[in-house]
């Protein structure tokens, strides 16, 4: 690897074969994380693991989830316990989708193709990121139900062309990420002068080798420079309305924490919102996502699905989110750990572990279904109230 850039080696490291055997013995996601950390170059591991600023929100996400304690019900028949659910109108074996994550070839040569294959085998949706290394057509061809994630670009027409391309590839939803007017300052990447290797490019953006994303520089992240060049910091409600009018696919708005924003997104035609602080990678000091979940659920109608991400590490975490009003969750970093540890099979193992843990947690909580989970009580969760007025909703 080229020092400081996170460039992967041309050949697998000497211990790669051993790592690809060890993941099979992993009994939880913490095990997978440790294997992946040993497998990846340090700069890449930092890129995957890191948050913005002092990583306060990154740590708070986990701490807040651990504060949520459930009140299990007893003497309930769970002999036919099922974790199946419906996400965006489609049946899934568990209320989980793979979150959008860019540049997956940094952790495995097959990148998004392998991760999508894992999602297909597990039966859960895979979100193809606009910063994917592989084009949406190849990702959708894996057979995974594919959602397409979009950042609104400075070139608005290019944004709409990508949406049309996703539709033609067979994607079943559009996910607009709205919490990145520009990339949060991630100090690990700055210290590492993190840049992409020449053969890792964004398939949906003009980013050939040699562009800003590939040029390391002191005191900066090359990725932050590149995304600052192409992402629009002026995106607003008008762009959301334009996108809603442009596509008939279900529209998901990702990166919502304020209940007023969630309500406005639904008014603009969103079919779902994702309660997310970007895994602690944007505003450091933002409210933990799980603390925002209940107020957002109350702010939108029952017809608007509420998804949750930022910190899911166990099936218990999924159950916590369901109990607080989520219809489903997005899983991010753990899929990358599985990919790094064992390719498509490692990523599938991550999803299978979550499925097993969720089924176990449901039964132990007295829930025969994910619908029952919504009626569980919780203790120790300091949900902040929804605002009486419009909050920061700028009309």
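The values are calculated or read from the model by the stated rules, or taken from the named source; none is laboratory data. Just so we're clear, the structure is a prediction, and the values are computed from it rather than from any experiment. Neighbour counts run over all protein chains shown; Cβ positions are idealised from the backbone, glycine included.
Here are a few things to note about the model shown:
- Every residue from the stretch 239-257 that is farther than 21 Å from residue 331 by Cα, assigned to a loop (DSSP other than H, G, I, E, B) and in contact (Cβ under 8 Å) with a residue 12 or more places away in the chain: 247, 249
- Filter pass, residue 303 being surrounded by fewer than 20 Cβ atoms within 10 Å (Cβ to Cβ) and touching a helix residue (DSSP H, G or I) at 6+ places or on another chain (Cβ under 9 Å): yes
- Residues being more than 30 Å from residue 122 (Cα to Cα) and touching a strand residue (DSSP E or B) at 6+ places or on another chain (Cβ under 9 Å) are represented in the stretch 182-199 by at least one member.
- For the stretch 74-168, the strands (runs of 3 or more DSSP E) that sit wholly inside it and include 1 or more residues that are within 29 Å of residue 41 (Cα to Cα) are 96-98, 126-128, 146-150.
- Residue 344 being under 24 Å from residue 50 (Cβ atoms) and either crowded, with 17+ Cβ neighbours inside 10 Å or in contact (Cβ under 8 Å) with a residue 12 or more places away in the chain (or both): no
- Residue satisfying condition, being more than 15 Å from residue 149 (Cα to Cα) and modelled with pLDDT of 95 or more, within set 259, 198, 208: 259
- Evaluating residue 280 against the criteria (1) surrounded by 22 or more Cβ atoms within 10 Å (Cβ to Cβ); (2) over 15 Å from the mean Cα position of the chain (by Cα); (3) farther than 22 Å from residue 173 by Cβ leaves one unmet condition, (2).
- Matching residues, the stretch 190-215, being farther than 21 Å from residue 109 by Cα and either under 21 Å from the mean Cα position of the chain (by Cα) or buried (at least 19 other Cβ atoms within 10 Å of the Cβ) (or both): 192, 193, 212
- Neighbours by Cβ (under 7 Å, 6+ apart or cross-chain): first from the stretch 94-111, under 30 Å from residue 361 (Cα atoms); second at pLDDT below 95: none
- Which listed residue, of 154, 165, 161, is within 23 Å of residue 206 (Cβ to Cβ), touching a residue at least 60 places away in the same chain (Cβ under 8 Å) and more than 20 Å from the chain's Cα centre (by Cα): 154
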